[in-house]
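Okay, so here's the structure we're looking at.
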Amino acid sequence: MFGLSGQVRQVWRLNIPRNVWVTGWVSFFMDVSSEMVYPLVPLFLSSILGASKSIIGLIEGIAETSASVLKLFSGVLADRFGKHKLLMGFGYGISTASRPLLAMATGWGMVLTARFTDRVGKGIRTAPRDAIIAASTPPERLGLAFGFHRALDTAGAVVGPAVALLILAVWVADYRLVFWLSIIPGVLAVALIVCLITADGSAPVMKTKFSWSLQGFDARFLGFMAVVCVFSLGNSSNAFLILKAEHAGISPAWISGVYLAFNATYVLLSIPGGMIADRLGRPLVILAGFVLFAVVYAGFALADSPWPIAGLFIGYGAYMGLSEGVQRAYLATLVPTERKATGFGLYHTVVGMAILPASLIAGFLWDHIGLTAPFWFGAGAAALAAILFVGLLWRDHIRCLW
């Protein structure tokens, strides 16, 4: 197992490109900002504003899904005009601007506005950012590059809950103070983009006009998108994991601690996960991730006390570390060079569009059937995605033989 310092030394020896380094640190600071806030939003809604679980699911679903279509258009614009840096910086700036809205919220409608604004920023920045990483990295090291980015991104997600935990230990349940202070690392992320990311125009510019047609993307890409869609329908907002932790008796301050442990596992496994995928094959690691997710979600359905729940958060972090960056690295091999950002935009749009039904289903199941039902549903969707992915790989194998 790599320690974080060992991982950094390893990627230094392997000459990680400048844009990948800088993009990683941009994501680090933005995740410090986001993860100071994110674990506390469902608690803020539930305990301070009195919102129901269905309302919480609705807020998360609308925020993610409404913004997700921007990931496609942002990718298309980046491919057409080569303005990856501009779109990336604009997206990070919008997310930072959402924090004051959240800090001043007096009702769940204002929280929805803040979450929507934050996700619009993510929708704008994600595809051009991933395209910058892909365009800056040799194909044989894509798993390492995306793993490195996810590691730094998630290192910020370790620091963020730790900062929130310290603040809440001194100013108990002062969620608004945490929201205000989260603005600082967001501003640092935007400053890094402006000062250090390579100038726009380095990536190929798409010459064709935009069309909703999927021509130009082969059957492997479309099949993988279908598998991702099925999986995403069961992968509801992490807000429900946080609410399950609260139900199991974990205090609000220590929920930030548990979320820190989740993100620490994520960051420690991101680079090894990418390197393993480069060596053993990305499809194998993606398949293992689906199976691990199903096991973890079944565990959340069965567990109902603090220590098992804390252990499951670590297991969930292992899933994220082993598969999140690897899925993007695999995707980079399925799309043509001139449509990289568009391909990433489609991928993120599929994932984002599924969050609304996934979160609505989870909220409905929690309120009307029981708190274990959303997790059994998620485990079943992951198991089905694994079966479909095996079928997809088998079909490709047969085609290669012929």
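The values are calculated or read from the model by the stated rules, or taken from the named source; none is laboratory data. Note that the structure is predicted; figures quoted are calculated from it, not measured. Neighbour counts run over all protein chains shown; Cβ positions are idealised from the backbone, glycine included.
Quick notes on this one:
- Checked across the range 128-144, the condition of being farther than 15 Å from Trp21 by Cα and modelled with pLDDT of 80 or more holds for at least one residue.
- Test result for Val285, surrounded by fewer than 24 Cβ atoms within 10 Å (Cβ to Cβ), under 18 Å from the mean Cα position of the chain (by Cα) and closer than 19 Å to Phe389 by Cα: yes
- If you filter the range 207-235 down to residues that are more than 17 Å from His348 (Cβ to Cβ) and surrounded by 17 or more Cβ atoms within 10 Å (Cβ to Cβ), you find that the one that is modelled with the highest pLDDT is Gly234.
- Residue list for the range 301-340, restricted to those being assigned to a loop (DSSP other than H, G, I, E, B), hydrophobic (A, V, I, L, M, F, W, C) and without any contact (Cβ under 8 Å) to a residue 60 or more places away in the chain: Ala303
- Given (1) over 25 Å from Tyr330 (Cβ atoms); (2) surrounded by 19 or more Cβ atoms within 10 Å (Cβ to Cβ), number of the condition Leu302 does not satisfy: (2)
- Residue match in the range 119-132 (condition: more than 19 Å from Phe29 (Cα to Cα), crowded, with 24+ Cβ neighbours inside 10 Å and out of contact with any Leu (no Cβ under 9 Å at 6 or more places or on another chain)): yes
- For the range 133-158, the tally of residues that are surrounded by fewer than 22 Cβ atoms within 10 Å (Cβ to Cβ) and touching a residue at least 40 places away in the same chain (Cβ under 8 Å) stands at 5.
- The range 242-257 residues that are modelled with pLDDT of 80 or more, paired with ones that are small (Gly, Ala, Ser) (beta carbon under 6 Å, 6 or more apart): Ala248/Ser305; Ile255/Ala245
- The residues in the range 102-122 that are assigned to a helix (DSSP H, G or I), touching a Lys or Arg at 6+ places or on another chain (Cβ under 9 Å) and either over 27 Å from Ala191 (Cβ atoms) or modelled with pLDDT of 85 or more (or both) can be counted, and the count is 4.
- Count of the range 139-184 residues which are within 30 Å of Leu334 (Cα to Cα) and either not in a helix (DSSP H, G or I) or not β-branched (Val, Ile, Thr) (or both): 18
- Close pairs from the range 86-100: first more than 21 Å from Val41 (Cβ to Cβ) and free of Cβ contacts under 8 Å to residues at least 60 places away in the same chain, partner among the basic types (Lys, Arg) and part of a helix (DSSP H, G or I), Cβ under 7 Å, at least 6 apart: Leu87/Arg125
- Residue in the range 365-382 that is in contact with a Ser or Thr (Cβ under 9 Å, 6 or more places away or on another chain), surrounded by fewer than 24 Cβ atoms within 10 Å (Cβ to Cβ), touching a residue at least 40 places away in the same chain (Cβ under 8 Å) and closer than 18 Å to Leu243 by Cβ present: yes
- Single match in Val390, Val350 (criterion: over 23 Å from the mean Cα position of the chain (by Cα), on the phi < 0 side of the Ramachandran plot, at pLDDT below 95 and part of a helix (DSSP H, G or I)): Val390
- Remark: pairs (first residue in the range 262-290, free of Cβ contacts under 8 Å to residues at least 40 places away in the same chain; second residue buried (at least 19 other Cβ atoms within 10 Å of the Cβ) and in a helix (DSSP H, G or I); Cβ separation under 6 Å; 6+ apart in sequence or on different chains) = Gly289/Tyr319; Gly289/Leu322; Gly289/Ser323.
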